[in-house]
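Asks: Here it is, the structure in full.
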């Protein structure tokens, strides 16, 4: 249940909804939105990368507007790959970084992939985003929190640190991130939160969310999201988790390559239209962002100066990363009847001269919007720019917000998106299986399959399961875990 307006801070927002998509850069998704609004720092068509940063006469790969819904391969997005993409070499001393190694690194991943990573979507290919950018706010200086892969960046979104994790290290992930989260801060202030998941809630990588007292905060998206929105029952902090597993019947809608981007557009359209019809609409803010850039080109230099380490932890050998650089710019759109049409947000106004918008800006701003009594989660959210000012120009909510968004064009790759349930798992999907096995073990189930996967390598899991099989196992494991936690809480246990 959301907290009553009289019990909260004086601002207009009582419900914040967060939807985090996967692995796309700003230029790749929104760069050509500059055609709709020249104020957006997007693409001009003159941007390029050489195929070799050390060869002065190397072939140049220019940006294009030829991005397709389904990519030919998954570009590199490890810490090592991103270093090459951002700096074009092993040296990280350049300030600002040249952003000239995307094409070069892509060719190492797969011959011809440079064309895909340098391509971007025409606005008409992403009609849902084109409408939201025109009607509400787009941030053209929002960066991933660190220059590395999915889970460390997702950790920053709700906790402003990855607790020293700089890659998707399986053992660390299944043990759970130990740090305090914005969910804990919200609960401490007597507010509510809810996570609406579609197959596996990746937020269960946070150890604190595995406690029995939080079991009822996890809700099946298909059963409860539209119902709760229609009844005005969405929690104060609402998280929507997309489909990460590209099943035969139900395609993934998280935008992770090589998933079909048209499915992600359909998800955003559904979420927006559901919220627009809710009696909570006039007190709502929807945040749409991407965890990291996924290896796709972006022309805006990544901030590398005066970025604070969140908690004093450094990354492991051989890099010993100090968490003192941000990641590549990612798409971020915000939606509310309190936001003026066509708003473009650039750099923040503080809290320090070197502050930027990044994923830690979400918990930092939620703290302000909800007047949370807890301290900042880390040095990073204390430093990150906040965005509550986008609501300030208005004294009343808009009444002209569209009730619906445009339909998504039929995808020429429709058969692709519906035929991948028999495929082998990606590394991220195998990590979700590992998580599911850990949850099943925690629910005191001794199923042989769960114990086998818990002690297996990612390579073994990827070979042992198809995506459809992984979905069936993960769904059952999550259900068992949450049911066991609900029963434990009813029996008087609040901690796992």
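Asks: Anything in segment 100-118 that is buried (at least 22 other Cβ atoms within 10 Å of the Cβ) and touching a strand residue (DSSP E or B) at 6+ places or on another chain (Cβ under 8 Å)? List them, or say none.
Replies: 101, 102, 103, 104, 114, 118
Asks: Considering only segment 201-233, state which residues are modelled with pLDDT of 95 or more, over 30 Å from residue 69 (Cβ atoms) and in contact with a strand residue (DSSP E or B) (Cβ under 7 Å, 6 or more places away or on another chain).
Replies: 217, 218
Asks: Kindly indicate whether residue 58 is assigned by TED's automatic domain parsing to the domain that holds residue 251 and within 20 Å of residue 145 (Cα to Cα).
Replies: no
Asks: Counting just the residues of segment 387-403 that are at pLDDT below 95 and part of a loop (DSSP other than H, G, I, E, B), which one comes out nearest to residue 370 (Cα to Cα)?
Replies: Among residues in segment 387-403 that are at pLDDT below 95 and part of a loop (DSSP other than H, G, I, E, B), the one nearest to residue 370 (Cα to Cα) is 392.
Asks: While we're here: Residue check, residue 55 against (1) more than 15 Å from residue 299 (Cβ to Cβ); (2) under 25 Å from the mean Cα position of the chain (by Cα), all met but one. Which one?
Replies: With (1) more than 15 Å from residue 299 (Cβ to Cβ); (2) under 25 Å from the mean Cα position of the chain (by Cα) applied to residue 55, the lone miss is (2).
Asks: Further question: Residue by residue through segment 217-267, note down the ones that are part of a loop (DSSP other than H, G, I, E, B) and within 15 Å of residue 15 (Cβ to Cβ).
Replies: If the condition is that a residue be part of a loop (DSSP other than H, G, I, E, B) and within 15 Å of residue 15 (Cβ to Cβ), then 232, 233, 234, 235, 236 are the ones that fit.
Okay, residues lined up against (1) at pLDDT 80 or above; (2) within 26 Å of the chain's Cα centre (by Cα); (3) within 16 Å of residue 199 (Cβ to Cβ):
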{"site": "455", "(1), (2), (3)": "no, no, no"}
{"site": "465", "(1), (2), (3)": "no, yes, yes"}
{"site": "471", "(1), (2), (3)": "yes, yes, yes"}
{"site": "483", "(1), (2), (3)": "yes, no, no"}
{"site": "487", "(1), (2), (3)": "yes, no, no"}
{"site": "494", "(1), (2), (3)": "no, no, no"}
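Asks: Residues in segment 307-317: is at least one touching a strand residue (DSSP E or B) at 6+ places or on another chain (Cβ under 8 Å) and at pLDDT 95 or above?
Replies: No, segment 307-317 contains no residue that is touching a strand residue (DSSP E or B) at 6+ places or on another chain (Cβ under 8 Å) and at pLDDT 95 or above.
Asks: Of all residues being surrounded by fewer than 23 Cβ atoms within 10 Å (Cβ to Cβ) and touching a residue at least 60 places away in the same chain (Cβ under 8 Å) in segment 219-234, which is nearest to residue 432 (Cα to Cα)? Just the residue, please.
Replies: It comes out as 233.
Asks: Identify the single condition in (1) crowded, with 21+ Cβ neighbours inside 10 Å; (2) over 17 Å from the mean Cα position of the chain (by Cα) that residue 267 does not satisfy, given that it satisfies every other one.
Replies: It fails just one condition, (2).
Asks: Continuing with this model, one more query. Could you please let me know if residue 382 is part of a helix (DSSP H, G or I) and in contact with a helix residue (DSSP H, G or I) (Cβ under 6 Å, 6 or more places away or on another chain)?
Replies: Answer is no for this residue.
Asks: Quick one: in segment 168-184, which of the residues that are modelled with pLDDT of 70 or more and outside any helix (DSSP H, G or I) is surrounded by the most Cβ atoms within 10 Å (Cβ to Cβ)?
Replies: Filtering first and then ranking leaves 177.
Asks: Has segment 90-98 got at least one residue that is assigned by TED's automatic domain parsing to the domain that holds residue 296, under 14 Å from residue 147 (Cα atoms) and touching a strand residue (DSSP E or B) at 6+ places or on another chain (Cβ under 8 Å)?
Replies: There is no residue in segment 90-98 that is assigned by TED's automatic domain parsing to the domain that holds residue 296, under 14 Å from residue 147 (Cα atoms) and touching a strand residue (DSSP E or B) at 6+ places or on another chain (Cβ under 8 Å).
Asks: On to the next question. Of 282, 314, 340, 306, which residue is at positive phi, in contact (Cβ under 8 Å) with a residue 12 or more places away in the chain and in the same structural domain as residue 69 (by TED's automatic domain parsing)?
Replies: After ruling out the rest, the residue left standing is 306.
Asks: Looking at 308, 303, which is the one that is under 14 Å from residue 146 (Cβ atoms), buried (at least 16 other Cβ atoms within 10 Å of the Cβ) and out of contact with any helix residue (DSSP H, G or I) (no Cβ under 9 Å at 6 or more places or on another chain)?
Replies: 303
Asks: Please report, ordered by residue number, the strands (runs of 3 or more DSSP E) entirely within segment 1-92 with at least 2 residues that are buried (at least 17 other Cβ atoms within 10 Å of the Cβ).
Replies: 15-21, 48-50
Asks: Among the residues of segment 334-355, is there at least one that is part of a loop (DSSP other than H, G, I, E, B), in contact with a helix residue (DSSP H, G or I) (Cβ under 6 Å, 6 or more places away or on another chain) and closer than 15 Å to residue 160 by Cα?
Replies: yes
Asks: For segment 279-296, give me each residue that is more than 21 Å from residue 166 (Cα to Cα) and either in contact with a helix residue (DSSP H, G or I) (Cβ under 9 Å, 6 or more places away or on another chain) or in a strand (DSSP E or B) (or both).
Replies: Result: 279, 280, 281, 283, 284, 285, 286, 287, 288.
The values are calculated or read from the model by the stated rules, or taken from the named source; none is laboratory data. Worth saying up front: this structure is predicted, and the values here are computed from it rather than measured. All Cβ positions, even for glycine, are placed from backbone atoms using ideal geometry, and neighbour counts span all protein chains on display.
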